[in-house]
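Note sheet for the following structure.
The values are calculated or read from the model by the stated rules, or taken from the named source; none is laboratory data. The model shown is predicted, which means the values in this text are computed figures rather than measured ones. Positions of Cβ are generated from backbone atoms using ideal geometry, with glycine treated the same way; all protein chains shown enter the neighbour counts. Protein only, heavy atoms only, side chains kept; ligands, DNA and RNA dropped before computing areas. Shrake-Rupley method; radii C 1.70, N 1.55, O 1.52, S 1.80 Å.
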Amino acid sequence: MSNPRILGIAAFLLAVFVLVPVFINLTGRWDFYYTLTSVALLSVAAAGVWLTFYIGRINIGQGAYALTGGYVSAILITQYGVSFWVTLPVAGLFCALVSVVIGLPILRLRGVYFAMVTLVLTEVARLTALALPVTNGAKGITSIPLPGELSLFGLTIIPDFATLENPKLAFYLMAAVLMVLTYLVLWRIVNSRLGHLCRSLQQNEELSASIGVNTAMLRVLSYAISSFFGGLAGAIFVAISQSIYPSSFVVQDSVNFMLYCFVGGLGSVFGPMLGTLLLYFGWDLLSIAKEYQLLIYSGTMIALMLVLPNGVLSLLDRKGGRK
Amino acid sequence: MTAPILQVKGVTKRYGGLTANNDVTFDVAPREILSVIGPNGAGKSTLFKQIAGFVTPTTGEVIYKGNRISGLPPHKVARMGVVRTFQETTIFKSMTVRENIIVAHHLRSKASLLGFFFGTGQAQADEAEFAASADDIIDFLGLQAIRNEMASNLPQGHLRALGMAIGLATHPDVILLDEPFAGMNHDETMRMVNLVRRLRDERGLTVLLVEHDMPAVMKISDRIVCINFGEKIAEGTPAEIQANPRVIEAYLGSEDAAIGM
Ligand SMILES: Nc1ncnc2c1ncn2[C@@H]1O[C@H](COP(=O)(O)OP(=O)(O)OP(=O)(O)O)[C@@H](O)[C@H]1O
Ligand SMILES: [Mg+2]
């Protein structure tokens, strides 16, 4: 790793874990924690979508997995008394498993066909949540307790959130840690053989098969990792809002995850993170434009895609910057 | 003839009412260079696709070293040692020449994908080996000058060579080259003819190739199989094929003009 890159990463970690809390402490803008926590979690789900893009599939169905992960966590906590910290990986794994079953048939589709099917998935997930007894229909699941204590061999690693005087900060730190870990994993995937094979798949599936790549397996694997991220993000969202409804994640959310990737850039691992940040804050800032909010937002999106089809981060590449 | 390495047995492929291959049968000896010729649309590529696992024969089978490979998916056939290059230029566009060849070493990896993720010792050893082997192939094919060139920027002749390099990176026993000389001028073709010979002589490969460039085919082949309208109409040495009336008729009857010699 080159020195500027290490510096960049250090600056980023410093900003996330030190500067932001200090800034919020000084200004007293505690609501910022909620915003930034959302950005971090949305960017985790978007990271998954980005990985499906990386194998050449447009994924507009991440909302389905966020919803599924949220329900898995909520049900385990409220009905089986399982610790939130256990439900977190379980929610991710459950989503990964579901995505394997769904992915096996639908990942054969390409282009707009795959995109359309994934678009439907979010709606299917919503309707399923409405219909199943275990999800409690339209009433959803509410009054979910805050994450409890996480201890290992009697040693408290994470204290009970309910005992904290500032759970907002705790959620922020949790989401930020998860985001950092997610992008670390993503970065490692992309820069290891797995990523090279994904690129080969994206560029030429037939050739990829002919050099011995089990393309069907690789597609499903990427999709499963993608859905795992979606499930994790969903589970934490539910922990924060302490409730989940069939409409907690809708088609609009799935579309947004995809847009975050587009805007940030498909060529860079950190594209979806930047895209989430820009679009989330951009949308909020535009609220001053009142009824023109959506118009300006959409117009800007179209303009961005025309001017920077490879995302905002492609600006760095143009200057001969890093990848 | 020694025991065949590859046997095509009664292979028939139907697409609806169209019979692309009809009961095609022939054997390939180890370290042989065998060409499949025939007019446009005769069913040559379809035959290769069936050998390499991209298309399943309607009836009939392909046997490789005693095992049936027809009907297996391409990555399994490749794993067993039978690899195809494509008639259409197929490369990984957004990678450099060297990256193309390195990624094609996938079959040679000993480390698992998880091992590569964590960068284990085995994974690092694999990567080093792939890089060395890729440089080897680059030298062998004389691609040194363009090793770091983006594949999408290459001219046709180099694309063909890169396609072959990708095939070689899998370290196959049998390589199927679909029109490897297409789009090349005379000098380039002659250079490639030599390379294909050296594949057999120095690397011990068995080579099957489809080609329309008759002088090159005649020069390079040990044996030739001629297909017309999906059916095998002749098989033999270049001299036998050139003298075969059915072959001459097939070519005279097509737009390809005479079977150039
Ligand atoms: N997937 C397919 N579906 C339907 N018909 C097909 C399919 N693939 C090939 N064919 C038909 O089968 C016949 C043989 O095609 P093939 O590509 O094998 O010919 P070829 O001998 O390689 O020709 P060329 O010299 O032009 O490459 C053609 O008539 C073609 O249209
Ligand atoms: Mg052909």
Quiz item: How many of the residues making up the range A:143-157 are of a type in the set (S, T, N, Q) and closer than 18 Å to A:ALA170 by Cα?
Solution: 2
Exercise. Return only the number of the condition from (1) touching a helix residue (DSSP H, G or I) at 6+ places or on another chain (Cβ under 7 Å); (2) within 22 Å of A:TRP85 (Cβ to Cβ); (3) open to solvent by 50 Å² or more (accessible area, probe 1.4 Å) that A:THR163 does not satisfy.
Key: (1)
Self-check item: Hits in the range A:1-45 - residues which are under 20 Å from A:ARG188 (Cβ atoms) and surrounded by 12 or more Cβ atoms within 10 Å (Cβ to Cβ)
Solution: A:GLY8, A:ILE9, A:PHE12, A:LEU13, A:VAL16, A:ALA40, A:SER43, A:VAL44, A:ALA45
Self-check item: Per-region count, the range A:282-317, residues assigned to a helix (DSSP H, G or I) and in contact (Cβ under 8 Å) with a residue 40 or more places away in the chain
Solution: 7
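Residue by residue, here is whether (1) open to solvent by less than 40 Å² (accessible area, probe 1.4 Å); (2) at the interface with chain B (Cβ under 8 Å from one of its Cβ atoms); (3) closer than 30 Å to A:TYR172 by Cβ holds:
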site: A:VAL190; (1), (2), (3): yes, no, yes
site: A:LEU197; (1), (2), (3): yes, yes, no
site: A:GLN202; (1), (2), (3): no, no, no
site: A:LEU207; (1), (2), (3): yes, yes, no
site: A:ILE211; (1), (2), (3): yes, yes, no
site: A:ASN214; (1), (2), (3): no, yes, no
site: A:SER227; (1), (2), (3): yes, no, yes
site: A:ALA235; (1), (2), (3): yes, no, yes
site: A:VAL238; (1), (2), (3): yes, no, yes
Self-check item: Options B:GLY53, B:GLY10, B:GLY71, B:GLY66: the member that is more than 14 Å from chain A (Cβ to nearest Cβ) and either open to solvent by 50 Å² or more (accessible area, probe 1.4 Å) or within 16 Å of ligand 1 (Cβ to nearest atom) (or both)
Solution: B:GLY66
Quiz item: Out of (1) in contact with a helix residue (DSSP H, G or I) (Cβ under 6 Å, 6 or more places away or on another chain); (2) within 16 Å of ligand 2 (Cβ to nearest atom); (3) modelled with pLDDT under 95; (4) not basic (Lys, Arg), the odd one out for B:SER35 is which?
Solution: (3)
Exercise. State all residues of the range B:22-43 that are of a type outside the set (Asp, Glu), in a strand (DSSP E or B) and either under 18 Å from the mean Cα position of the chain (by Cα) or under 23 Å from B:GLN242 (Cβ atoms) (or both); if no residue qualifies, say none.
Key: B:VAL24, B:THR25, B:PHE26, B:VAL28, B:ILE33, B:LEU34, B:SER35, B:VAL36, B:ILE37
Quiz item: Can you name every residue in the range B:168-181 that is facing chain A (nearest Cβ under 10 Å) and within 16 Å of ligand 2 (Cβ to nearest atom)?
Solution: B:LEU176
Self-check item: Hits in the range A:60-81 - residues which are over 17 Å from A:ILE240 (Cα atoms) and among the polar types (S, T, N, Q)
Solution: A:GLN62, A:GLN79
Practice problem: Pick out the one residue from A:VAL180, A:VAL190, A:VAL220, A:VAL213 that is farther than 26 Å from B:THR85 by Cα, over 14 Å from the mean Cα position of the chain (by Cα) and among the aliphatic types (A, V, I, L, M). | Solution: A:VAL190
Practice problem: May I ask you to list the residues in the range A:216-225 that are farther than 20 Å from A:ALA66 by Cβ and either more than 11 Å from every other protein chain (Cβ to nearest Cβ) or touching a residue at least 40 places away in the same chain (Cβ under 8 Å) (or both)? | Solution: A:ALA216, A:LEU218, A:ARG219
Quiz item: Within the range A:254-272, can one find any residue that is farther than 13 Å from A:VAL44 by Cβ, within 11 Å of another protein chain (Cβ to nearest Cβ) and open to solvent by 10 Å² or more (accessible area, probe 1.4 Å)?
Solution: yes
Self-check item: Those residues of the range B:75-113 which are surrounded by fewer than 21 Cβ atoms within 10 Å (Cβ to Cβ), over 24 Å from B:ARG147 (Cβ atoms) and within 9 Å of chain A (Cβ to nearest Cβ), in sequence order
Solution: B:LYS76, B:ARG79, B:ALA111, B:LEU113
Exercise. Name every residue in the range B:20-32 that is over 17 Å from B:SER221 (Cα atoms) and either surrounded by 17 or more Cβ atoms within 10 Å (Cβ to Cβ) or within 16 Å of ligand 2 (Cβ to nearest atom) (or both), in order of residue number.
Key: B:ALA20, B:ASN21, B:ASN22, B:VAL24
Quiz item: Since B:GLN124 meets every condition but one in (1) surrounded by 15 or more Cβ atoms within 10 Å (Cβ to Cβ); (2) closer than 24 Å to A:LEU218 by Cα; (3) more than 16 Å from ligand 2 (Cβ to nearest atom), which condition does it not meet?
Solution: (1)
